[in-house]
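Structure, as structure tokens:
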Amino acid sequence: ESRPAVHMMAAAADGCYLGLDFSTQQLKVIAVDHNLNVIYQNNVQFDDELPEYKTQGGVHVHGDKLTVTSPVLMWVQALDILLEKMKNAGFDFGRVKALSGSGQQHGSVYWRAGARQVLQNLAYDKPLHELLQGCFAVADSPVWMDSSTTEQCQLLEKAAGGAQGLAEITGSRAYERFTGNQIAKVFKTSPGLYNETEKISLVSSFAASLFLGDYAAIDYSDGSGMNLMDIFAKQWAQPCLRATAPQLEEKLGPLVPSMTVLVTYLFIILT
């Protein structure tokens with residue numbers, strides 16, 4: 001349910017703070033002042049406001065009833081719509097002092113080779129979903145509802161010395177929804193698309209990348225839900241990477257602490 005767009009913007013005269021949530025069914029934004037009073041909130045419901053993607057509950061459930069995906073460009077276009085709503089409501093982006101966010105866990109985004117250059121040179125006079133239209137090797141991202149990777153889970157546990165061995169490294173046995181097993185399936189079923197991929201993001205780091213204008217790193221917290229991270233060393237677990245897909249560490253990039261500030265100055269330009 002959409003909420004009133006603007007509340008007490010005058011209270012934000014000394015600055016406000018934005019939070020975004022890229023969840024399964026909607027993209028939501030909330031702004032608070034320095035006293036944590038909510039001064040603005042709004043959302044984009046994927047099914048209702050982006051019907052061209054034909055999602056139900058924000059996802060596509062495939063014929064096997066196990067594979068569940070969401071269109072990446074739908075998420076991008078939802079951000080376009082949300083920012084336009086904020087602009088039309090008179091939201092003062094000049095008051096924003098910090099921006100943070102979250103995303104549905106485990107989902108993965110596959111950036112095509114050359115996408116980083118596009119991100120770093122975004123034109124301000126076109127919508128993001130048009131600018132990034134050709135940037136994703138996998139158009140439909142596997143999400144947390146997917147349960148089609150039992151085979152990949154079994155192979156990963158075997159490589160780690162069994163379910164207990166994997167749990168001792170990554171904190172849990174292999175789960176179908178976890179990102180490492182989804183990546184392994186993409187590599188097995190679509191090796192060409194995997195080879196076209198220069199960067200793999202989680203939904204959270206993908207969302208941050210849209211604002212950063214570059215690839216945002218995966219943080220320890222979300223990285224621990226991939227069946228790929230050594231939770232004690234806070235590094236990618238090499239046996240898990242080798243069992244998943246080739247060149248995976250390069251595509252994932254280094255992990256960072258969850259409180260990392262990605263950029264200290266950000267322009268949001270709306271025309």
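The values are calculated or read from the model by the stated rules, or taken from the named source; none is laboratory data. What you see is a predicted model, and the numbers here were worked out from it, not measured in a lab. With ideal geometry, Cβ positions are generated from the backbone for all residues, glycine too; neighbour counts draw on all protein chains shown. Ligands, DNA and RNA are stripped out before the accessible areas are found, and what is left, the full protein with its side chains, is counted by its heavy atoms. Shrake-Rupley method; radii C 1.70, N 1.55, O 1.52, S 1.80 Å.
Structure data summary
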quantity: Label point 7 Å beyond Cα of His34 along Cβ direction - residues of segment 80-103 with amide nitrogen under 14 Å; calculated: 95-98
quantity: Intensity falloff of segment 1-135 expressed as log10 I(q)/I(0), Debye formula with alpha-carbon point scatterers, at q = 0.11, 0.16, 0.17 Å⁻¹; calculated: -0.46, -0.92, -1.02
quantity: Separation of the Thr150 and Asp47 label points, Cα + 7 Å toward Cβ, nm; calculated: 2.8
quantity: Protein-only accessible surface order, largest first, of Asp219, Asp92 at 1.4 Å; calculated: Asp92, Asp219
quantity: Sequence-distant aspartates and glutamates (8 or more away, or on other chains) whose Cα lies within less than 16 Å of Lys87; calculated: Asp125
quantity: Computed helical MRE - 222 nm, the chain, DSSP H runs ≥ 4 contributing -39500 (n - 2.57), nearest 500; calculated: -9000 deg cm²/dmol
quantity: Of all accessible heavy-atom area on segment 195-242, the percent that carbon and sulfur account for (1.4 Å); calculated: 47
quantity: Å³ per residue enclosed by the Cα convex hull of segment 177-249; calculated: 89
quantity: Out-of-range pairs (alpha-carbon distance over 22 Å; input Lys126/Lys251; Lys54/Lys185; Lys65/Lys185; Lys28/Lys234); calculated: Lys126/Lys251; Lys54/Lys185; Lys28/Lys234
quantity: Alpha-carbon radius of gyration plus Dmax, which is the widest Cα pair, for segment 110-190 in Å; calculated: 17.0, 53
quantity: Rh (Kirkwood; distinct C-alpha pairs) - segment 131-236, Å; calculated: 14.6
quantity: Residue-span extension gain [Met259 to Ala123] - 0.36 nm each, minus C-alpha spacing; calculated: 46.0 nm
quantity: R0 of 51 Å, Cβ-Cβ distance Ala113-Asn88: FRET efficiency to nearest 0.05; calculated: 0.90
quantity: Charge dipole magnitude, Cβ of K and R +1, D and E -1 - segment 201-257, Cα centre, debye nearest 20; calculated: 120
quantity: Label-to-label distance, nm, for residues given as Val61 and Ser190 (7 Å Cα→Cβ offset); calculated: 2.1
quantity: Values of log10 I(q)/I(0), in the order q = 0.10, 0.11 Å⁻¹, for the chain under a Debye, Cα-only, solvent-free model; calculated: -0.52, -0.63
quantity: Most mobile of Phe206, Phe22, Phe187 in a GNM of the chain (Cα contacts under 10 Å); calculated: Phe187
quantity: Amide N of segment 153-171 lying under 13 Å from the label point, which is placed 7 angstrom from the Cα of Phe232 along Cα→Cβ; calculated: 165-171
